[in-house]
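Novice: The structure follows.
The values are calculated or read from the model by the stated rules, or taken from the named source; none is laboratory data. Here the structure is a predicted model, which means the values were calculated and not measured. Positions of Cβ are generated from backbone atoms using ideal geometry, with glycine treated the same way; all protein chains shown enter the neighbour counts.
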Amino acid sequence: MSTIVGLSTALSKSAVNIIRISGDKSLEIAKKIFHSKDDLTPNGIKYGFIKYDGEIYDEVLVSFMKAPKSFTGEDVIEINCHGGKLITTKIFDLVVSLGARVSDVGEFTKRAFINGKIDLTKAESIIDLINSRSDMELKCAINQKMGKLYNKLLIVKEHILNIISKIEVIIDFENEVEEVHSQDIKKDLEEVINILDDILKYKDQGILIKDGISTCIVGKPNVGKSSLLNYFCKFDRAIVTDIPGTTRDIIEEVVNFRGIVLNLFDTAGIRKSNDIVESIGINMTKEKIEESTLILFLLDGTTELSDEDFKIYELIKDKKFIVIINKCEIDNLFNAEDVCKKFNILSRDNVITLSVKENIGFEDLEKSIKDKFILNDLDSMEDSIILTNLRHVEALANTRMLLHNSLNLLNDSIPLDIISIDIRKALSFIMSITGEDVTESIIDNIFSKFCIGK
């Protein structure tokens, strides 16, 4: 493969920028431009200057990782130069002029995968580490990077291979061993299905941890919707006034609320309006309610409940929702029990009181959200596998389905050579996760999500 070069840090004013080179010509290029009193040695870092054709480019530190003991499995050179667009660009262009090719996005990690340094789950964990938006998402990525999922998949793969081997023996020695081994296969299938159930246990929570909860803030005008958005954002994202109908368009933000990623939508207050622009905003609010996973329905505790409040509730009652009685710092005209009774809400847990202005009651909101999406026990889940990658979830779900179908066919005395077809397909799904049996298009798609230089 050709020698590639990429910038591992942002091209901006900073203390240090890192230029990474990987491939057979890495050391050769480095020796042409790096001048130091010490020779470059494997797994060492040396001080010196980038100098070429009589011109000094910069004072640098250069490290050398010799194949195969490097991230990519190839000879790797990393040049630590001073931060700055001009300095970095000049050194980068010099490396290219001496025979290196500008790397594609994710190409360094792709080479690590191709050269057997990491499996595909660990490669995918790297982009998850980079893109993490919460502590829990970061922990999931680290666990995957450390091989937690991969090691479990090896166990599943070994079980399935063992089952296939037993089937081959039964087919070859049908009259001698079929009864004994058929019972063994049933037990093996049940055991591997149980392992898959354990891996898939927290799949729904995992997808929410990674993608976030699509959350729509609704209510009639002037109940505090935009103030709540600003609280979540920790800055004045939305304009807040005493004038009803101030918010007319949908305002979108992604926030980390106490470890929970919320994809927030602040909406226009729902009411009857003759204003054309405001009416458009109200219709957009209704559409956003349908699209959202969670609805935060705000009520103003200092004013009587109105027909508009009840009409809004009719729009959200079939969704996952939390009714928030805002402005609890002032004497309220109604409480959570009153709301449950008047709206016919069966669970008191669906209603909380808080004050956006005084920052009161947000612990209850956090607990309510976690309860609804079974996220309260995140700390206790740390020792479990939490799948955050939809590709993994779908492949494992397909594996389980095929093995469960095989178990049913076995119970129905279907010939083993027919049953083995599904079992081999199941094995293929497992190997697609680790990268042992995966198409080039899937590999390209995975690494296209990386940044250049990684």
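Novice: Go through (1) out of contact with any Leu (no Cβ under 7 Å at 6 or more places or on another chain); (2) part of a helix (DSSP H, G or I); (3) in contact (Cβ under 8 Å) with a residue 60 or more places away in the chain for Asn222 and report which single condition fails.
Specialist: Tallying (1) out of contact with any Leu (no Cβ under 7 Å at 6 or more places or on another chain); (2) part of a helix (DSSP H, G or I); (3) in contact (Cβ under 8 Å) with a residue 60 or more places away in the chain, Asn222 fails exactly one: (2).
Novice: Look at Ser355 and say whether it is under 28 Å from Phe232 (Cβ atoms), hydroxyl-bearing (Ser, Thr, Tyr), in contact with a strand residue (DSSP E or B) (Cβ under 9 Å, 6 or more places away or on another chain) and modelled with pLDDT under 95.
Specialist: Against the criterion (under 28 Å from Phe232 (Cβ atoms), hydroxyl-bearing (Ser, Thr, Tyr), in contact with a strand residue (DSSP E or B) (Cβ under 9 Å, 6 or more places away or on another chain) and modelled with pLDDT under 95), Ser355 qualifies.
Novice: Could you grab me the full set of residues in region 289-342 that are surrounded by 19 or more Cβ atoms within 10 Å (Cβ to Cβ), at negative phi and not aliphatic (A, V, I, L, M)?
Specialist: Residues satisfying the conditions are Ser292, Phe297, Asp300, Gly301, Asp309, Tyr313, Phe321, Asn326, Cys328.
Novice: Could you check region 95-121 and list, in sequence order, the residues that are in contact with a helix residue (DSSP H, G or I) (Cβ under 7 Å, 6 or more places away or on another chain) and assigned to a strand (DSSP E or B)?
Specialist: If the condition is that a residue be in contact with a helix residue (DSSP H, G or I) (Cβ under 7 Å, 6 or more places away or on another chain) and assigned to a strand (DSSP E or B), then Val102 is the only one that fits.
Novice: Okay, next question. State whether the residues of region 330-346 include one that is within 18 Å of Ser227 (Cβ to Cβ), at pLDDT below 90, of a type outside the set (Gly, Ala, Ser) and not in a helix (DSSP H, G or I).
Specialist: yes
Novice: I'm checking my understanding of the structure. Among residues of region 79-116 that are without any contact (Cβ under 8 Å) to a residue 24 or more places away in the chain and of a type outside the set (A, V, I, L, M, F, W, C), which one is farthest from Phe447 (Cα to Cα)?
Specialist: Checking each candidate, the answer is Ser97.
Novice: Find the residue count for region 410-432, including only residues that are in contact (Cβ under 8 Å) with a residue 24 or more places away in the chain and among the acidic types (Asp, Glu).
Specialist: 1
Novice: List, please: which pairs have Cβ atoms under 9 Å, are six or more places apart or on different chains, and start with a residue in region 433-454 that is exposed (fewer than 15 other Cβ atoms within 10 Å of the Cβ) and end with one that is of a type in the set (Lys, Arg)?
Specialist: Every condition considered, the pairs that remain are Glu436/Lys157; Ile442/Arg391; Asp444/Lys110.
Novice: Which fully enclosed strands (runs of 3 or more DSSP E) of region 1-63 have 1 or more residues being touching a residue at least 40 places away in the same chain (Cβ under 8 Å) and under 17 Å from Gly106 (Cα atoms)? Step through it out loud before you land on a result.
Specialist: Working: elements: 4-7, 16-22, 44-52.
Where strands (runs of 3 or more DSSP E) fall fully within region 1-63 and carry at least 1 residues being touching a residue at least 40 places away in the same chain (Cβ under 8 Å) and under 17 Å from Gly106 (Cα atoms), they are 4-7, 16-22.
Novice: Quick check: is even one residue across region 295-315 at pLDDT below 90, farther than 16 Å from Lys220 by Cβ and assigned to a helix (DSSP H, G or I)?
Specialist: Within region 295-315, none of the residues are at pLDDT below 90, farther than 16 Å from Lys220 by Cβ and assigned to a helix (DSSP H, G or I).
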